[in-house]
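Notes for the one structure printed next.
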Amino acid sequence: MLYFGGTEAQIGRKGSNRITYHIYPPQGRISGSCDATSLVSKYRGYITANTLGLACFSCVRMRSGGRTIHVTVVDTGGENFDLNEPAFRELCGAAGIQAGRCNIDWEVGAANNCIGNPKAGQQQPPQRQPQQPQRQPQQPQRQPQQQPPQQPRRPPQPRTTSRSRCGTSWTNANMKCGTGCVNDGACRGGERCFASLSVTPCSRARASDDFPDNSVDNLDAIDNNNNDINIGDAVDDNALLSTDVPSSLSSASSSSSEFPAWAIGMTVFGSFVLLFLFVVVLQVGFVLRSL
């Protein structure tokens, strides 16, 4: 039984079936249950009956072996679809005519695709709902890792070969190759500037390129680049006293780098004493020779 209406609802229906064909007079009128007054030529000869429940005047697209046609449903009967001979020949070829049947794929489309279809211009193909763009899942943003605060580095203390160096006492400064100085302002950590020191600790450190005696706190004497900086070179080594300076000597004055007056006086006095003794020895020698 055919249905008059509802063809829009059937648009998009599809399937795969075996079809047959039926002889309609090319110039005759259609004797189908849907259209009994129109000429076959109105549809260009592409008409069909069907037993699949498609509504009258449905426009069906059929494909077989790379060929495609559009036919209008005008009748019921046949095997699934029962095309008129011109439509069947174009779709299935001479081999289909000889066999009397053919396998096809079909789909109901808009009536505008079929020539002579009375529904042409009346149907609107179903509108597809616009697809909403899929949102990409957002990747969680990584929080930047907090870097632990860096401890401020103490400025490296240069190694020196000066006879005036920093220390907690004269003995401490004399035993290590500490920071060279000319007054207490160059010293750190509560140390003071002491003069008349031995250069042996600094000479040993320079020769071995290593730390001085471990018994003395001398970590501040070596910088990161292991370079030697002679801060105390401004002090004249030849003008200093012997390295055997008693620990009771006071530290160098923070306001001046000159030696105390008593040290200069003792040096001059000692020189005169030595000269006097030398003269005496010479006189005694001459006297002994003359005897």
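Remark on Tyr24: its backbone amide H falls under 5 Å from those of Glu85, a criterion applied only to residues 5 or more positions apart or on other chains, H modelled at 1.01 Å from N.
Sorting 175-181, 34-40 by their mean Cβ neighbour count within 10 Å, with the most densely packed peptide first, gives 175-181, 34-40. When each of the peptides 271-280, 14-23, 138-147 is scored by how many other beta carbons lie within 10 Å of its residues on average, the order from highest to lowest is 14-23, 271-280, 138-147. Value of Rg to Rh for region 26-90, rounded to two decimals, is 0.94; Kirkwood radius and Rg both from alpha-carbon coordinates. Listed by chain and number, the lysines whose C-alpha is less than 23 Å from the C-alpha of Lys42, apart from same-chain residues fewer than 8 away, are Lys119. Gain on full extension, evaluated as 0.36 nm per residue between Gln98 and Ser271 minus their Cα-Cα distance, stands at 47.6 nm. Here's how it looks for Glu79: its modeled amide H is under 5 Å from those of Thr20, which are all 5 or more places away or on a different chain.
Rounded to the nearest Hz, the phi-derived 3J(HN,Hα) couplings of region 101-106 under the Karplus curve 6.51 cos²θ - 1.76 cosθ + 1.60 (θ = phi - 60°) are 7, 7, 9, 9, 10, 9, where x marks glycine and proline.
Take the Cβ atoms of Ser203 and Leu291, set R0 to 41 Å, and the FRET efficiency comes out at 0.20.
Computed from the coordinates by the stated procedures, all read-outs in this text should not be read as laboratory data. Quick caveat, the model's predicted, so the values are computed rather than measured. Every residue, glycine as well, gets a Cβ built from its backbone with ideal geometry; the counts of neighbours run over all protein chains shown.
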